[in-house]
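Peer 1: Here you go, one structure.
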Amino acid sequence: MSLLIKTMVIVFILIFAMKALNANDSQCRKNCFKLDIEYLIKNHENIYRDNPESFWILLNEMREKAYLADSFNEISQFMELLQMDNSPAEVEEFLSEGLETLCAEKSVLFKEAMQLLDLSLRMKLNEKLNQPLFREKEELRTCRYRGLND
């Protein structure tokens, strides 16, 4: 009987340890991803110039996370890419396509995510949605930021 109890205790400890490790790993991935976004935004011109393959891998990964999102955090993080100033046309097109798709296909999460942005990014996002490249303007109408009184 005591061997059975010892075995059960060891099994419970292992299960608890595995869950704790998975939670820490998940939190690390979330924090590391946030750091990657901040780094990418600050250094996008250099990364694009020096290592375009890595640049596009990061952007595509962020877009896919936003497309698969079931909460607004990943979408908000993708929206933060609007902070990249002086981006080449292909990057601007990539962002337009991703944002327009998210607005059209995940409009509720999109609007919640927009609330996490500062006013200047909301306005920049509005500009993109007012001049869509891949979707009809009417399809994106509900996703625009209108301010507190609208």
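The values are calculated or read from the model by the stated rules, or taken from the named source; none is laboratory data. Every value quoted in this text rests on a predicted model; they were computed, and no experiment measured them. With ideal geometry, Cβ positions are generated from the backbone for all residues, glycine too; neighbour counts draw on all protein chains shown.
Peer 1: Here are some residues: Leu125, Leu121, Leu129. Which one is over 15 Å from the mean Cα position of the chain (by Cα) and within 11 Å of Tyr145 (Cβ to Cβ)?
Peer 2: So the residue among Leu125, Leu121, Leu129 that is over 15 Å from the mean Cα position of the chain (by Cα) and within 11 Å of Tyr145 (Cβ to Cβ) is Leu129.
Peer 1: Give just the number: which of (1) within 12 Å of the chain's Cα centre (by Cα); (2) buried (at least 17 other Cβ atoms within 10 Å of the Cβ); (3) among the aromatic types (Phe, Trp, Tyr) does Phe94 not satisfy?
Peer 2: Status for Phe94: all satisfied but (1).
Peer 1: Taking the options Leu68, Leu59, name whichever one is buried (at least 17 other Cβ atoms within 10 Å of the Cβ) and modelled with pLDDT of 90 or more.
Peer 2: Leu59
Peer 1: Might you check whether a residue that is within 14 Å of Arg144 (Cα to Cα) and surrounded by 15 or more Cβ atoms within 10 Å (Cβ to Cβ) occurs anywhere in the range 77-85?
Peer 2: yes
Peer 1: I would also like to ask the following. Can you name every residue in the range 97-130 that is among the β-branched types (Val, Ile, Thr) and exposed (fewer than 13 other Cβ atoms within 10 Å of the Cβ)?
Peer 2: Matches in the range 97-130: Val108 only.
Peer 1: Sticking with this one: So, Glu38, is that one charged (D, E, K, R), surrounded by fewer than 19 Cβ atoms within 10 Å (Cβ to Cβ) and either part of a helix (DSSP H, G or I) or in contact with a strand residue (DSSP E or B) (Cβ under 6 Å, 6 or more places away or on another chain) (or both) or not?
Peer 2: yes
Peer 1: Still on this structure, please answer the following. Considering Ile37, Ile41, Ile47, Ile75, which residue is touching a Phe, Trp or Tyr at 6+ places or on another chain (Cβ under 7 Å) and modelled with pLDDT under 90?
Peer 2: Ile47
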